[in-house]
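The values are calculated or read from the model by the stated rules, or taken from the named source; none is laboratory data. Predicted model, so just to flag it, every value in this text is computed and none were measured. Cβ placement follows ideal geometry from the backbone for every residue including glycine, while neighbour counts extend to all protein chains displayed.
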Amino acid sequence: MPWNRFEGSLSTPKVDVMVMVDTGSPFLNRTVDGFFKIGAVAAMRTAAEETYYVVKRGNISQHKFEQSLKKMCKEGAYWGTVAGVYLGMEYGMERIRGTRDWKNAMLGGALTGAVISAASNESKDKIVMDAITGGAIATAAEFLNYHT
């Protein structure tokens, strides 16, 4: 019986977007860089989502277009803020602990989850749960980064 074989390789493209903001502080540079990079990702995700709905509906009004732009800005600012806080916290953990490992991601994620939750006026239980979730997600992402 004949069989076919497929061979190839898939590599992740290296994308490095330089944000040309130098605050003079490595801590602030990472925070601002994360804000802009992840904020742009969120805005583009929202743009793709809104484009899908425009194509599905078959038309767009000025009002819907303005709503889409506002949604892009809001999502970009929210995601960017979370990323900036996380990167700042992770860098702070690295500086405080004097080492670079997965524990910085865990602590940075937990602190970010707690800070973002507290800023949203959540209950104490919700803040704790968000801290646990933030730490778990950041740790998982860190482990995936080094999985090759």
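For the reader, a short list of remarks on this structure follows.
- When Tyr86 is tested against (1) hydroxyl-bearing (Ser, Thr, Tyr); (2) at pLDDT 95 or above; (3) not in a helix (DSSP H, G or I), exactly one condition is not met: (3).
- Residue selected from region 27-66 under the condition of a type in the set (S, T, N, Q), modelled with pLDDT under 95 and in a helix (DSSP H, G or I), by the criterion farthest from Gly108 (Cα to Cα): Gln62
- Only listed residue being surrounded by 19 or more Cβ atoms within 10 Å (Cβ to Cβ) and free of Cβ contacts under 8 Å to residues at least 60 places away in the same chain, chosen from Val85, Val128, Val54, Val41: Val85
- Residues of region 133-148 that are surrounded by fewer than 14 Cβ atoms within 10 Å (Cβ to Cβ) and either in contact with a His (Cβ under 8 Å, 6 or more places away or on another chain) or not in a loop (DSSP other than H, G, I, E, B) (or both): Ala141, Phe143, Leu144, Asn145.
- Of all residues in region 34-67, those being more than 17 Å from Tyr78 (Cβ to Cβ) and not hydrophobic (A, V, I, L, M, F, W, C) number 12.
- Thr99 being at negative phi and part of a helix (DSSP H, G or I): no
- Check on Tyr78, out of contact with any strand residue (DSSP E or B) (no Cβ under 8 Å at 6 or more places or on another chain), over 18 Å from Pro26 (Cα atoms), of a type in the set (Ser, Thr, Tyr) and touching a residue at least 12 places away in the same chain (Cβ under 8 Å): yes
- Taken together, the criteria place Gly109 among residues that are within 17 Å of Arg30 (Cβ to Cβ), modelled with pLDDT of 95 or more and of a type outside the set (Phe, Trp, Tyr).
- Unique match (being within 25 Å of Ser25 (Cα to Cα) and surrounded by fewer than 19 Cβ atoms within 10 Å (Cβ to Cβ)) among Ile116, Ile96: Ile96
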